[in-house]
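Chemist: My structure is below; once you've seen it, I'll send some questions.
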Amino acid sequence: GNLKLLGVAELSEPSSMKIYATDFESKEKITQLIEKYNDSKIADDNQADVINYTDYVGLMMSSVSDIINSISYILIAFVAISLIVSSIMIGIITYISVLERTKEIGILRSIGASKRDISRVFNAETLIVGFVAGIIGIAITLLFIAVINIILHSLTGIETLNAVLPVAAAVILVAISMFLTFIAGLIPSRIAAKKDPVITLRPE
């Protein structure tokens, strides 16, 4: 009304207008229609009739998505550092196990075990460690999810809002745990396989 009194705009030629969509699908259709109209005006070289619009919901969703992505990248970085450190520790523990079981390695080699057999023993152990660690991690995650869901329900009052761990994701996480422990134990298992049975049994 004020713009009309000032002679800036008329009802037939508004300077601006607000469109409220009923849902996200309607918003997308409105955006597509405006862009299609603008493309036709640009094709006709009629820049004056091009509609300049601001999608406030789109801006808000984009900002929220950027924040979530930034947090996700930070968490991924922390997780990656944790995985590297844990892999190094698994390798060190496996190497210590090799040093402590020198006598066992010598006995196995003396009764006919090949270098590959010795390597397989330690690789199997690292895979078992990775499997058990993955199962423990999944169990702890499920426990935390139960607590988080209780907190979410109490804070938001929305019973349908739940944190979940998909079965496929759990299987993939266990597989990743086994793979990392296997990689971490490769070097110690090769060191064990290369030990000379005569030298390993000499102290005995």
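Chemist: Considering only residues that are more than 20 Å from I84 (Cα to Cα) and either assigned to a helix (DSSP H, G or I) or of a type in the set (A, V, I, L, M, F, W, C) (or both), which ones fall in the stretch 182-198? Full working, then the answer.
Modeler: From the stretch 182-198, those more than 20 Å from I84 (Cα to Cα) are 190-198; that's our starting set.
Result: R190, I191, A192, A193, P197, V198.
Chemist: Return the pair list, or none, for Cβ contacts closer than 9 Å from residues in the stretch 36-50 that are within 16 Å of E13 (Cα to Cα) to residues that are part of a helix (DSSP H, G or I) and among the charged types (D, E, K, R), at least 6 apart or on different chains.
Modeler: Filtered contacts from the stretch 36-50: A48/K41; D49/K41; V50/K41.
Chemist: Given (1) closer than 17 Å to E125 by Cα; (2) at pLDDT below 85, where does I88 come up short, assuming only one miss?
Modeler: So I88 meets the others, but not (2).
Chemist: Taking the stretch 71-115 on its own, how many of its residues are part of a helix (DSSP H, G or I), open to solvent by 60 Å² or more (accessible area, probe 1.4 Å) and of a type in the set (G, A, S)?
Modeler: Residues meeting the conditions: 2.
Chemist: Let me ask something additional. Got a sec? Which of L155, L186, L173 is within 29 Å of I96 (Cβ to Cβ) and open to solvent by 60 Å² or more (accessible area, probe 1.4 Å)? Working first, answer last.
Modeler: Details: L155 fails: within 29 Å of I96 (Cβ to Cβ); L186 fails: open to solvent by 60 Å² or more (accessible area, probe 1.4 Å).
That would be L173, the only listed residue that is within 29 Å of I96 (Cβ to Cβ) and open to solvent by 60 Å² or more (accessible area, probe 1.4 Å).
The values are calculated or read from the model by the stated rules, or taken from the named source; none is laboratory data. All values derive from a computational prediction rather than experimental measurement. Neighbour counts run over all protein chains shown; Cβ positions are idealised from the backbone, glycine included. For accessibility, only protein heavy atoms count, side chains too; no ligands or nucleic acids. Shrake-Rupley method; radii C 1.70, N 1.55, O 1.52, S 1.80 Å.
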